[in-house]
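Quick notes on the structure that follows.
The values are calculated or read from the model by the stated rules, or taken from the named source; none is laboratory data. Predicted model only: the values in this text are computed from it and were never measured. With ideal geometry, Cβ positions are generated from the backbone for all residues, glycine too; neighbour counts draw on all protein chains shown.
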Amino acid sequence: MFEEVESADGTRARMIQKGVFLAYFGLLLAVYSLIAEIILIPLPYVDIDFLSDFSVSIATALMCVVMSVTMAALFHSFHQSLRPFLSKPIATRNVSIAYFVFLTAVFGTVLLLYRYMPFPIFPRDIMLYERATRLGSSLSPILPVFFLGFGVAIWLLSFLKRAQLTRYAIRHSPYPAVACASGQGFFNFII
Amino acid sequence: MRAPYSLAWRIGPALVMMVAVPAILLSTWWAGFFKTLEMETHLNWSQWVFFSLLIAGLCWSARDFLIIQYYLLRLLRKLAFHHLGSVFEQLPPKSSRGLSTSLIDSPPTLVELQESHEQMIQIRDKFESIDKSGWKTCQLKALPQDLNERVVLVGDSLNTELKKAGSNPFRLWALPSETHKKLCEQSAYFFEVLCHYWEDGTYHGLPAGTKAAVAEGFQMCERFVAFQIVAYLNAVFMYLRYLIVCIVSAIFFLLLATSSYPYAKQNLMMNFAWTLVLIFSSIHLYSFLNFNRNEIIQAIRSDKGRPGGVNRLMISQFVVFGALPAVAFLASKFPSLGRLLFAWVGPIVKSLNL
């Protein structure tokens with residue numbers, strides 16, 4: 001605990017910090033993608049004709065927009081936190097904005113296609129949607145994913161705080177490095 | 001403590017982790033955790049992946065907690081038999097605020113470093129006021145050197161950081177500050193000077209008045225070093241608190257996840273989660289008791305040697321980590337008891353019109 005284990009430029013500390021960011025955004029993206037996939041399951045009994053049921057179509061389109069923006073933001077964050085591991089610098093502001101707009105368009109298109117394309121729909125998909133969207137029914141498979149993901153996210157945040165504390169506070173020892181008889185052993189006491 | 005952060009390889013704890021985590025995951029897989037009665041979807045796989053991550057994180061945090069509390073207790077025991085052991089009693093009880101694993105304790109703020117700086121000023125003034133005429137060279141050299149420069153160095157750093165803190169809407173903590181680092185360096189220097197003072201007996205031949213003044217100056221140095229050690233212990237306890245947050249949140253969300261869906265082996269999964277709750281509650285209470293009855297922690301908490309009255313912290317910790325999990329466990333196992341215990345919740349919610 002009192003010994004100097006880190007390189008002077010803090011390379012290892014920064015790598016750990018970046019690793020935690022990468023894991024955090026990866027986790028958020030995974031949980032959100034799962035939820036988005038289930039929410040957007042196309043249902044046969046909802047009329048998707050734009051003119052016949054205007055309110056349903058508007059609500060679905062809005063949902064697709066919100067989901068595509070969120071997923072683009074999460075994917076962009078994940079990509080940016082991955083770049084340092086590939087020895088590439090973080091993108092500049094303008095590049096980031098352009099990339100984010102591009103990602104939003106891509107995700108929006110994919111989600112709209114997924115929602116409106118006439119894919120075959122199986123009864124189990126309908127059942128999954130019905131169970132998943134009724135959170136109070138005790139039958140929603142999204143809830144365990146959400147809880148477990150939230151637990152891992154809190155763990156990652158606490159890990160980051162611990163790493164920060166080790167880097168800034170615990171590295172500074174109130175004991176002398178030169179051992180004298182009375183203070184011997186304190187400096188190298190703990191792991 | 002640095003092992004998880006620095007990825008330092010230590011064969012013992014690493015081996016335990018390498019065996020324990022796969023063993024738990026394999027046995028839970030074999031037992032059918034997260035299997036459902038209906039057809040499996042990718043949601044089941046994702047649940048299993050998150051569960052594995054949570055268990056790995058839980059084991060990692062638990063291992064770190066056990067290792068750190070073991071070494072910290074060793075350090076505290078060693079301190080209890082050190083020259084500085086008696087000095088901790090002279091510290092104000094408020095400095096013991098962060099020395100526990102209670103989650104509601106806050107770490108020291110930047111403003112609180114002012115006290116250490118004032119201690120340094122008093123040390124400087126004390127040694128400057130001593131008449132050093134007729135002293136031998138070795139006696140002069142055994143005193144703390146360049147005290148004025150040291151005081152100015154810490155003071156400048158503190159003033160700069162306090163100015164920054166004034167424009168910051170959030171409260172700034174003392175531990176990551178540059179002033180804290182400088183104070184630690186000064187403490188290390190004073191500790192070294194004190195070692196020579198304790199061992200050499202350089203000032204035996206001086207007149208009684210001067211000798212008393214020198215002794216008083218070194219006692220002030222001892223208090224300063226003890227204060228910095230307490231600040232250091234604060235950082236270690238804060239680290240332990242983050243570990244507890246990791247463990248508690250992991251177990252809590254595991255329990256919620258297990259109870260929120262009718263898995264095929266839900267009863268077994270709930271028993272597994274409750275076992276983890278009871279094991280970690282016991283470990284936490286055991287380590288909390290160990291810290292609580294430690295001589296150094298008790299000495300810091302005491303008001304100039306007098307014990308500090310009813311220990312509210314101990315009661316709250318027993319309620320949160322002992323009574324609450326036990327009651328919740330019993331209520332889940334015996335629903336009639338649960339209804340009896342939590343019957344008052346319904347009327348309160350209704351009366352509050354939430």
Inset, instruction - Mind counting the residues in the range A:111-138 that are within 14 Å of chain B (Cβ to nearest Cβ), surrounded by 13 or more Cβ atoms within 10 Å (Cβ to Cβ) and without any contact (Cβ under 8 Å) to a residue 60 or more places away in the chain? - result: 4
Inset, instruction - Answer with yes or no whether A:SER33 is at negative phi and modelled with pLDDT under 70. - result: no
Inset, instruction - Would you confirm whether any residue within the range A:147-167 is at pLDDT below 80, touching a helix residue (DSSP H, G or I) at 6+ places or on another chain (Cβ under 7 Å) and in a loop (DSSP other than H, G, I, E, B)? - result: no
Inset, instruction - Can you tell me which residue among B:LEU254, B:LEU194 is outside the structural domain of B:TRP60 (by TED's automatic domain parsing), in contact with a Gly (Cβ under 9 Å, 6 or more places away or on another chain) and crowded, with 22+ Cβ neighbours inside 10 Å? - result: B:LEU194
Inset, instruction - Filter the range B:119-140 for residues that are surrounded by 12 or more Cβ atoms within 10 Å (Cβ to Cβ) and in a helix (DSSP H, G or I) and give the result. - result: B:GLN119, B:MET120, B:ILE121, B:GLN122, B:ILE123, B:ARG124, B:ASP125, B:LYS126, B:PHE127, B:GLN139
Inset, instruction - May I ask you to list the residues in the range B:197-212 that are more than 7 Å from chain A (Cβ to nearest Cβ), of a type outside the set (Lys, Arg) and more than 22 Å from B:SER116 (Cβ to Cβ)? - result: B:ASP200, B:GLY201, B:THR202, B:TYR203, B:HIS204, B:GLY205, B:LEU206, B:PRO207, B:ALA208, B:GLY209, B:THR210, B:ALA212
Legend entry - Within the range B:156-181, considering residues that are closer than 18 Å to A:PRO174 by Cα and more than 9 Å from chain A (Cβ to nearest Cβ), the one surrounded by the fewest Cβ atoms within 10 Å (Cβ to Cβ): B:GLU178
Inset, instruction - Identify, from the list B:GLU199, B:GLU222, the residue that is in contact (Cβ under 8 Å) with a residue 60 or more places away in the chain, surrounded by fewer than 22 Cβ atoms within 10 Å (Cβ to Cβ), among the acidic types (Asp, Glu) and not assigned by TED's automatic domain parsing to the domain that holds B:LEU276. - result: B:GLU222
Legend entry - Of the criteria (1) within 9 Å of chain A (Cβ to nearest Cβ); (2) within 16 Å of the chain's Cα centre (by Cα), which one B:LEU233 fails: (1)
Legend entry - Qualifying positions in the range B:78-114 - closer than 28 Å to B:LEU243 by Cβ, in contact with a helix residue (DSSP H, G or I) (Cβ under 8 Å, 6 or more places away or on another chain) and assigned to a helix (DSSP H, G or I): B:LEU79, B:ALA80, B:LEU84, B:GLY85, B:PHE88, B:PRO93, B:SER95, B:SER96, B:LEU110, B:VAL111, B:LEU113
Inset, instruction - Would you check if there is a residue in the range A:59-66 being within 23 Å of A:ALA30 (Cβ to Cβ) and modelled with pLDDT under 85? - result: yes
Inset, instruction - Of the numbered conditions (1) within 9 Å of chain A (Cβ to nearest Cβ); (2) surrounded by fewer than 24 Cβ atoms within 10 Å (Cβ to Cβ); (3) assigned to a helix (DSSP H, G or I); (4) not small (Gly, Ala, Ser), B:TYR261 fails exactly one; give the number of that condition. - result: (3)
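Being assigned to a helix (DSSP H, G or I), surrounded by fewer than 16 Cβ atoms within 10 Å (Cβ to Cβ) and facing chain A (nearest Cβ under 9 Å): is that true of B:GLU185 here?
So B:GLU185 fails the test.
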Inset, instruction - Identify all residues within the range B:236-258 that are of a type outside the set (A, V, I, L, M), in contact with a Leu (Cβ under 6 Å, 6 or more places away or on another chain) and within 7 Å of chain A (Cβ to nearest Cβ); write none if there are none. - result: B:TYR239
Inset, instruction - Specify the residue that is nearest to the chain's Cα centre (by Cα); the eligible residues are those in the range B:41-56 that are among the polar types (S, T, N, Q) and at the interface with chain A (Cβ under 8 Å from one of its Cβ atoms). - result: B:GLN47
